[in-house]
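The values are calculated or read from the model by the stated rules, or taken from the named source; none is laboratory data. Keep in mind that what you see is a predicted model, and the values were worked out from it rather than measured. Because the Cβ atoms are built from the backbone with ideal geometry, glycine has one as well, and the counts that use them run over all protein chains shown. For accessibility, only protein heavy atoms count, side chains too; no ligands or nucleic acids. Shrake-Rupley method; radii C 1.70, N 1.55, O 1.52, S 1.80 Å.
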Amino acid sequence: MSTPDRSDVPFSRIKIRTAAVVFCGTEVALIRRDRAASTHYSLPGGNVEAGEDLADALARELSEELGLDVATAEGGELLWVVDQRVTRPGPTPSPRKLHLVHRFHVDPGQRGGLAEQELDELPDGRHEVGTVEWIDHRETAALPLYPPVGPALAALAHPRAAVADASLGTFTDADYTWR
């Protein structure tokens, strides 16, 4: 008995994305992407590669996107888990994605040495340029942020506040639109 091919069924695959809220005081590092029709922000991070250790993936992504060596930053604890079931534009079926969002703290000296731009490689080999912006965490609720953690981030009483529940639930086509 063979297993049916489900590669064309949305959400039949699961990807893990590791990301971080990187604080310097009350500000967080976000990557701003300006597109023709809109602007959106994302937490630094990216997909875990096949067979890659989660901690190694997080360290790799933060090094690639911010120039941050996680060994020199404080923290690294898992802050939130976000479940994504959103149909993405493109030719392949959308995977379900679990975002593992961690929290780090850097001091102003470390921040000064971090990247100001992030280059995201596109399928055709070109690069999309993102700008690293530092935004007060209390001002993130209404930002078009991926994953959509802005309201939870803005609700933190302070950058080191404990969270009662690490699960931020699921975002779907009903409550999220790709920009």
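A few points about this structure:
- Unique match (being aliphatic (A, V, I, L, M), buried (at least 22 other Cβ atoms within 10 Å of the Cβ) and within 15 Å of the chain's Cα centre (by Cα)) among V82, V48: V82
- Hits in the range 130-172 (condition: closer than 26 Å to G67 by Cα and open to solvent by 70 Å² or more (accessible area, probe 1.4 Å)): R138, E139, H158, R160
- Any chance T177 is of a type in the set (S, T, Y), part of a strand (DSSP E or B) and open to solvent by 40 Å² or more (accessible area, probe 1.4 Å): no
- Criterion applied to R103, R111 was being at pLDDT 85 or above, in contact with a Leu (Cβ under 6 Å, 6 or more places away or on another chain) and surrounded by 11 or more Cβ atoms within 10 Å (Cβ to Cβ), and the one residue passing it is R103.
- Qualifying residues in the range 99-144 (those that are out of contact with any Asp or Glu (no Cβ under 8 Å at 6 or more places or on another chain), in contact (Cβ under 8 Å) with a residue 12 or more places away in the chain and basic (K, R)) - the one farthest from G46 (Cα to Cα): R138
- V28 open to solvent by less than 10 Å² (accessible area, probe 1.4 Å) and at pLDDT below 95: no
- Residue in the range 50-58 that is under 30 Å from A174 (Cβ atoms) and at pLDDT below 95 present: no
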